[in-house]
Amino acid sequence: MRKTTDVAKVEQTMKTNAWADPESYADSLGPAPALFQYGLHDEDWVPLQDAKDYIARSSGPKTVQFYDADHALNSKATVDRDEFLHKALTLKP
């Protein structure tokens, strides 16, 4: 999307939706546990260094997982997410 969309439109969309930007609330995530999942083939959408910076700024207990995948992740990430939510929310199988 970044390669095919006018930069001014992207910037306007980001400004309009700034309230949803996770960077704005990363430092107040705790005390709830957080799961960070990133695809290692996602440099066009979320550069790895940006992901690492965001994780470092976040507060509270966190689990970080990187996958051999693109932005949509993969089935392993889905399983990991389900397991994290079951544990964090103390859900029964």
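The values are calculated or read from the model by the stated rules, or taken from the named source; none is laboratory data. Just so you know, these numbers come straight off a predicted model, no measurement behind them. Neighbour counts are summed over all protein chains in view; Cβ atoms, including those assigned to glycine, are modelled from backbone coordinates with ideal geometry.
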Practice problem: Hey, could you check the range 2-59 for residues that are touching a helix residue (DSSP H, G or I) at 6+ places or on another chain (Cβ under 9 Å) and among the polar types (S, T, N, Q) and say which is modelled with the highest pLDDT? | Solution: GLN37
Quiz item: Residue check: is GLY30 in contact with a Ser or Thr (Cβ under 7 Å, 6 or more places away or on another chain), touching a residue at least 24 places away in the same chain (Cβ under 8 Å) and part of a loop (DSSP other than H, G, I, E, B)?
Solution: yes
Quiz item: Just for the range 50-72: of the residues that are among the aliphatic types (A, V, I, L, M) and in contact with a strand residue (DSSP E or B) (Cβ under 8 Å, 6 or more places away or on another chain), which one is surrounded by the fewest Cβ atoms within 10 Å (Cβ to Cβ)?
Solution: ALA72
Quiz item: In the range 43-68, what residues are over 17 Å from PRO22 (Cα atoms) and either of a type in the set (A, V, I, L, M, F, W, C) or in a loop (DSSP other than H, G, I, E, B) (or both)?
Solution: GLU43, ASP44, PHE66, ASP68
Self-check item: Positions within the range 43-73 being farther than 21 Å from PRO31 by Cα and touching a Phe, Trp or Tyr at 6+ places or on another chain (Cβ under 6 Å), in sequence order
Solution: PHE66, HIS71, LEU73
